Structure formats: structure tokens, C-alpha cells
Amino acid sequence: MDDTTKVLLRAARGEAVPHTPVWFMRQAGRSLPEYREVRAGIGMLESCRRPDLVTEITLQPVRRHGVDAAILFSDIVVPLQAAGVDLDIVAGTGPVVASPVRTMADVEAIRPLEPEAVEFVAEAVRQLKRELGPTALIGFAGAPFTLASYLVEGGPSKHHVLTKALMLGAPDVWHALCTRLADITRTFLRVQVDAGVDAVQLFDSWAGALSEADYRRSVLPHSASVLGSLSEVPRIHFGVGTAELLAAMSEAGADVVGVDWRTPLDVAASRVPGKAVQGNLDPAVLFAPWEVVEQEARRVLAEGTKAPGHIFNLGHGVLPETDPDVLTRLVELVHTV
């Protein structure tokens, strides 16, 4: 199907659209009872390796909510495991790495990612493309900094102390690690693009822990090397707590800059001139009375008009306790405003 019919792609390019496109980060997940049903007894990483299951989970929010995009169901550590890193996703904790990366020898032990090792992802994309019709399919991956943080810390971290210590104290090891991770991420996204995704999103979930100077020196070149290799599809770049990094992140090569709920979209648009924006309703607002949800959504839509293009989303992922009916109603609102 001609992608000019896909409203999300038109908005990403700053073109005229019949309505503001909308999708939600973590739209396929624990907020949906049908997701909990199909995932029952199946581990996260195993779920990501089964194309039929990936296809079903990815399609669930499209069927239920009528969103303008599906995002491939996966996890940012999938390519790391496929490259031979010993890790697991522990319920209630997140990714846990068996042998954290601290030295150049540790970096050199990380293998390149072979496309054949993630063929299950390509197959899921092909299946989804046959089902989605005019709904765009977004591929995704974790950015080098966020992947590096998991590898260095050994798991999730609040303060990223070991990550920053390595970044600042052993820059040769740090840049070698991020170069390796950028290669893995490029391969992972290239597999998705070649299989047919319409756009990609690079998640730098933890980049907001950095100063702009540290981001520019130690992170920006590696994210740019990933995004610069995918210019044939719209590219979205998102991080949390990145208000002071938006200008720098926009320089990494994305067409759309994702904005969390802390920064009004009109302010964000002024920091990323010429770029479309994505966001940015606070996920917690969805627990307020509907009149509050509507008021806040209309505010976000009004602020989004200050950018060349606007893709409505939350400022982070859907929280597990969210009422799915509120999301459905929100999509209907966004499509009619």
C-alpha cells in the first residue's frame, strides 16, 4: 500500500494530515486483558522470539483502540541476547546482565549481531504488514547509551553511577562499547526496515540522566551513527527527562523528536525547529476524570500545532493499571479535534 495513505508518516514528514495521528508507547502490554491472556506462562524474551505471538500482541491495541500505528512488540535487550549477551528479564526488576561490562576485554567479548540471529523479528514484521493495511508499523530499538547503561550497571539503575564513571573515567572503553552497541542497533533496525516497517523509534530511555555537555561528547555521535543509516524511513527519537537535551537529540538525525510530559510541546518545538514532535500527555492524567483527560489532551493538541508535524502520544508508556476504555476514548477525541 502507498505509504502516502498512512497519516502518521505524513505527520512525521510535516505534511498536511486529515487528523492528528495517535499511538501510545507501551500500547501493547499489561493494560490489556487480551495481552495478559496470551502471555500467561510465557516469559518476556520467549514472547519476543515467537513471530505469531509478536504479531498477535502488536495487533491487539490496533484492534481495540483504532490507533494510527502499531509498534513492534519486542524489548530493547532482544538484540543483545541475540548477539550472545547472557541476560534475562526478571519480573518486577527488568533486564539483568550476568556479567556486567567494565573493561575493554568485556567490550571485545560482545559479538556483532548477525541478521540471521533475529530472523524471528523479520518474520513478525512480514506477518504484520499483511494484516495492518493503512495502519503504520513502527520498528524500534534501544539507543546505545541506554543499552550501555544496562550492560555496565548489570541491570536497571536510578543514578547510573557506574555508567557515568566508565563514561568519564575510561572514555576509550566507553566509546568502544557504544560503537559496538551502535553496530548491533543498526543491524537490528536494518532487519526491521528491510522486512517492511514504515518508521522506526530509537528509545534513549535513560539519556535524561546526562548533562548536555556529556550527552554531546559521549552519546550523540553514537545515536547519530544509528539514525543516519536509516534515512529511507521516518525516524523518531525519544528519551525521558530530556528537556535540556532536546536540541542535541534533534541533531542526531531523527525526523520526529519525542517529548516527555514535563516540557510543553510548543516549548519543545522552539528547541527543535523544523522537526515534527511526538507526545506528550502525562500517562497519569488517564486516571483522572474524563473532563480532565479531555482538557489536557486538547491542550497537548493545541501546543502541537506549533511544530511542522505532531504525532499525539503519551509522555512515556501506558501504565499497567490504565483503563483501556479511556485510551480508546482518547483516540476518538484526538481524531475529531
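Structure summary
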| read-out | value |
| --- | --- |
| Unmet requirement for Val152, which otherwise passes all of (1) more than 24 Å from Ala243 (Cα to Cα); (2) touching a strand residue (DSSP E or B) at 6+ places or on another chain (Cβ under 7 Å); (3) crowded, with 18+ Cβ neighbours inside 10 Å | (2) |
| Positions within segment 297-321 being β-branched (Val, Ile, Thr) and in contact with a Lys or Arg (Cβ under 9 Å, 6 or more places away or on another chain), in sequence order | Val318 |
| Single residue of Thr328, Thr322 found to be closer than 15 Å to Gly29 by Cα, at pLDDT 95 or above and part of a helix (DSSP H, G or I) | Thr328 |
| Ala141 being within 25 Å of His65 (Cα to Cα), part of a strand (DSSP E or B) and either at pLDDT 95 or above or in contact with a Gly (Cβ under 7 Å, 6 or more places away or on another chain) (or both) | yes |
| Test set (1) touching a Cys at 6+ places or on another chain (Cβ under 7 Å); (2) without any contact (Cβ under 8 Å) to a residue 12 or more places away in the chain - Gly92 fails condition number | (1) |
| Residue match in segment 55-66 (condition: without any contact (Cβ under 8 Å) to a residue 12 or more places away in the chain and closer than 27 Å to Ala284 by Cα) | yes |
| Members of segment 34-52 that are out of contact with any Lys or Arg (no Cβ under 8 Å at 6 or more places or on another chain), touching a residue at least 12 places away in the same chain (Cβ under 8 Å) and either outside any loop (DSSP other than H, G, I, E, B) or under 24 Å from Thr336 (Cα atoms) (or both) | Tyr35, Val38, Arg39, Met44, Leu45, Cys48, Pro51, Asp52 |
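The values are calculated or read from the model by the stated rules, or taken from the named source; none is laboratory data. Given the structure is predicted, the values throughout are model-derived calculations rather than measurements. All Cβ positions, even for glycine, are placed from backbone atoms using ideal geometry, and neighbour counts span all protein chains on display.
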